[in-house]
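Structure first, then comments.
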Amino acid sequence: MAQIVGALGVPHTPLYPALVEREGPQCETARYFAAVTSELEAMRPDLIVMFDTDHLNTFFLDNLPVFAIGVTETFKGPNDEPRAVPIYTIKSRADVAAHLRRVAIEAGFDLALAQEFTVDHSVVVPLHFMTPGMRIPVIPIFVSGHVPPLPSARRCYELGRTVTRAIESWPEPLRVVVMGSGSFSLEVFGPRIAPGRSDGVPDPDWARRICALLEQGAVSKLLEEATQEQMLRAGNVGGELLDWIAMLGAVGETRPRFVTPQTEQGHAYAAWTLS
Amino acid sequence: MSVYAVNHLCREVLRDHAFRAAMKADPAAAIVRYELTDEERQALLAGDVAKLYRLGVNAFLMGYLPRFEVCGLTMPVYNERIRSAR
């Protein structure tokens, strides 16, 4: 049977690849990504399931699913031209993804089907740092975290629980790592950006609060506090927390190996090991 | 509801390189293909992103305008204007 061996939460800031190229492997962001990469390698994954919020590049306002899953053998990205990132072909597992979708729909989560798609920086930037050889297949599950009304935190957590159960019912002995990609407090190109920048962190206290709750394994408290109002107050991409919350569906109240905040940038890096 | 059209146009600046070039060369001609209100058209051509934001245009789609420097927008100009929409 397949099993979930770990979970990782990461940011996906599109400026980071160019930043790390400029500042080198000793800069803070490079070191933080190296730390989660070591965790990933120690987990020896056969497959990654990534909860992700697309920035209207995979899907658009013409047809916007609240939840969707990629069911394909390969997909490409990034499709939004972040600097210093090549266009990768990323392997996937259509058979496992179709199984996840079937189980989720049976459980009441109507995952939209995406079979021909490209992904943006939100999927590719973490992989660019963590699996640059792109040898590990990745199944993306898309959560609508940017365009209100957002799905509730509780619903996203339950989706994560359901995906976990679905993985555990797959007969092949795969080692699966679940990832959540996104920020806690971040405004991108909106009125609350900082002077001279293209982004800003409207609510660093909220980012700190999330890190504290993650440290404590206080999932119910986090679900209670992560209201739509709070997430949007934290920035126009504050709903990306929902990707972390879906990832927590695999983790429950397990304490993390570490939560490394980068709260002045509105996010964190975190790892959970599951036996 | 042509805010949708403005959002679409912003995304095409990213995706369609020929449209991006046309928007840089002659934005008034390039946007003829879109059905916009006069208010939207004027705001767009003036690079009035605070106005577009108030009309409901998505901020990170609008970010493609200064990123590729169309409608007279650069990052510093965009930064100042969008922050006035607070």
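If the Cβ limit is 7 Å and pairs must be 6+ apart or interchain, which residue in segment A:251-275 that is farther than 12 Å from A:Glu39 by Cα pairs with which residue that is among the hydroxyl-bearing types (Ser, Thr, Tyr) and not in a strand (DSSP E or B)?
A:Thr260/A:Tyr32; A:Gln262/A:Tyr32; A:Gly266/A:Ser183; A:Gly266/A:Ser185; A:His267/A:Ser183
Among the candidates A:Ala34, A:Ala42, A:Ala30, single out the residue that is touching a strand residue (DSSP E or B) at 6+ places or on another chain (Cβ under 9 Å), surrounded by fewer than 20 Cβ atoms within 10 Å (Cβ to Cβ) and under 20 Å from A:Val259 (Cβ atoms).
Just one listed residue meets the conditions, A:Ala42.
Among all residue pairs at least 6 apart or on different chains, which show Cβ distances below 9 Å where the first residue, located in segment B:60-71, is more than 7 Å from every other protein chain (Cβ to nearest Cβ) and within 15 Å of A:Pro14 (Cβ to Cβ) and the second is of a type in the set (S, T, N, Q) and in a loop (DSSP other than H, G, I, E, B)?
What qualifies is B:Pro66/A:Ser198; B:Pro66/B:Thr74; B:Arg67/A:Ser198.
Please go through segment A:75-92 and give me each residue that is among the hydroxyl-bearing types (Ser, Thr, Tyr) and surrounded by fewer than 14 Cβ atoms within 10 Å (Cβ to Cβ), ordered by number.
Of everything in segment A:75-92, just one residue is among the hydroxyl-bearing types (Ser, Thr, Tyr) and surrounded by fewer than 14 Cβ atoms within 10 Å (Cβ to Cβ), namely A:Thr89.
Given A:Arg197, A:Arg175, which one is surrounded by fewer than 23 Cβ atoms within 10 Å (Cβ to Cβ), within 14 Å of another protein chain (Cβ to nearest Cβ) and modelled with pLDDT of 95 or more? Can you show your working first?
Working: A:Arg175 fails: within 14 Å of another protein chain (Cβ to nearest Cβ).
Result: A:Arg197 is the single residue among A:Arg197, A:Arg175 that is surrounded by fewer than 23 Cβ atoms within 10 Å (Cβ to Cβ), within 14 Å of another protein chain (Cβ to nearest Cβ) and modelled with pLDDT of 95 or more.
Assess whether A:Pro149 counts as being farther than 14 Å from A:Val49 by Cα and within 14 Å of chain B (Cβ to nearest Cβ).
no
Taking the condition under 29 Å from A:Gly145 (Cβ atoms) and either over 10 Å from the mean Cα position of the chain (by Cα) or of a type in the set (Val, Ile, Thr) (or both), does B:Val49 pass? Outline the logic, then answer.
Details: under 29 Å from A:Gly145 (Cβ atoms): yes; either over 10 Å from the mean Cα position of the chain (by Cα) or of a type in the set (Val, Ile, Thr) (or both): yes.
Spelling it out, B:Val49 is indeed under 29 Å from A:Gly145 (Cβ atoms) and either over 10 Å from the mean Cα position of the chain (by Cα) or of a type in the set (Val, Ile, Thr) (or both).
Considering segment A:222-268 alone, what residues qualify as being more than 22 Å from A:Leu40 (Cβ to Cβ), among the polar types (S, T, N, Q) and part of a loop (DSSP other than H, G, I, E, B)?
Residues satisfying the conditions are A:Thr227, A:Asn236.
Give me the pairs: first residue in segment A:152-170 and under 16 Å from A:Ile48 (Cα atoms), second residue polar (S, T, N, Q), beta-carbon distance under 8 Å, and six or more apart or on different chains, which are they?
Partner pairs satisfying both residue conditions: A:Ile167/A:Gln3; A:Glu168/A:Gln3.
Quick check, is B:Arg86 within 14 Å of chain A (Cβ to nearest Cβ) and of a type outside the set (Gly, Ala, Ser)? Show your work before the answer.
Working: within 14 Å of chain A (Cβ to nearest Cβ): yes; of a type outside the set (Gly, Ala, Ser): yes.
Yes; evaluated as a whole, the condition is true for this residue.
Restricting attention to segment A:249-261, and to residues there that are surrounded by 19 or more Cβ atoms within 10 Å (Cβ to Cβ) and either touching a helix residue (DSSP H, G or I) at 6+ places or on another chain (Cβ under 6 Å) or not hydrophobic (A, V, I, L, M, F, W, C) (or both), which single residue is modelled with the lowest pLDDT?
A:Ala250
What's the number of the condition A:Leu47 fails, among (1) closer than 18 Å to A:Phe129 by Cβ; (2) touching a residue at least 60 places away in the same chain (Cβ under 8 Å)?
(1)
Being in contact with a Pro (Cβ under 9 Å, 6 or more places away or on another chain) and farther than 17 Å from A:Leu8 by Cα: is that true of A:Gly238 here?
Against the criterion (in contact with a Pro (Cβ under 9 Å, 6 or more places away or on another chain) and farther than 17 Å from A:Leu8 by Cα), A:Gly238 qualifies.
Residues being over 10 Å from A:Val71 (Cβ atoms) and assigned to a loop (DSSP other than H, G, I, E, B): count how many of those fall in segment A:98-115.
Summing the residues that are over 10 Å from A:Val71 (Cβ atoms) and assigned to a loop (DSSP other than H, G, I, E, B) in segment A:98-115 gives 4.
Give me a count of the residues in segment A:121-167 that are closer than 26 Å to A:Val219 by Cα and aromatic (Phe, Trp, Tyr).
Total satisfying the criteria: 2.
Return the total of residues in segment A:228-237 being buried (at least 24 other Cβ atoms within 10 Å of the Cβ) and either without any contact (Cβ under 8 Å) to a residue 24 or more places away in the chain or of a type in the set (Asp, Glu) (or both).
Counting residues in segment A:228-237 that are buried (at least 24 other Cβ atoms within 10 Å of the Cβ) and either without any contact (Cβ under 8 Å) to a residue 24 or more places away in the chain or of a type in the set (Asp, Glu) (or both) gives 0.
State all residues of segment B:42-59 that are away from every other protein chain (no Cβ under 14 Å) and surrounded by 18 or more Cβ atoms within 10 Å (Cβ to Cβ); if no residue qualifies, say none.
Answer for segment B:42-59, where residues must be away from every other protein chain (no Cβ under 14 Å) and surrounded by 18 or more Cβ atoms within 10 Å (Cβ to Cβ): B:Ala43, B:Leu44.
Given A:Glu240, A:Glu264, A:Glu225, which one is surrounded by 16 or more Cβ atoms within 10 Å (Cβ to Cβ) and acidic (Asp, Glu)?
Values: A:Glu264 fails: surrounded by 16 or more Cβ atoms within 10 Å (Cβ to Cβ); A:Glu225 fails: surrounded by 16 or more Cβ atoms within 10 Å (Cβ to Cβ).
Step by step, each of A:Glu240, A:Glu264, A:Glu225 is checked, and only A:Glu240 is surrounded by 16 or more Cβ atoms within 10 Å (Cβ to Cβ) and acidic (Asp, Glu).
The values are calculated or read from the model by the stated rules, or taken from the named source; none is laboratory data. Given the structure is predicted, the values throughout are model-derived calculations rather than measurements. Ideal geometry is used to build each Cβ from the backbone, glycine not excepted, and the neighbour counts take in all protein chains shown.
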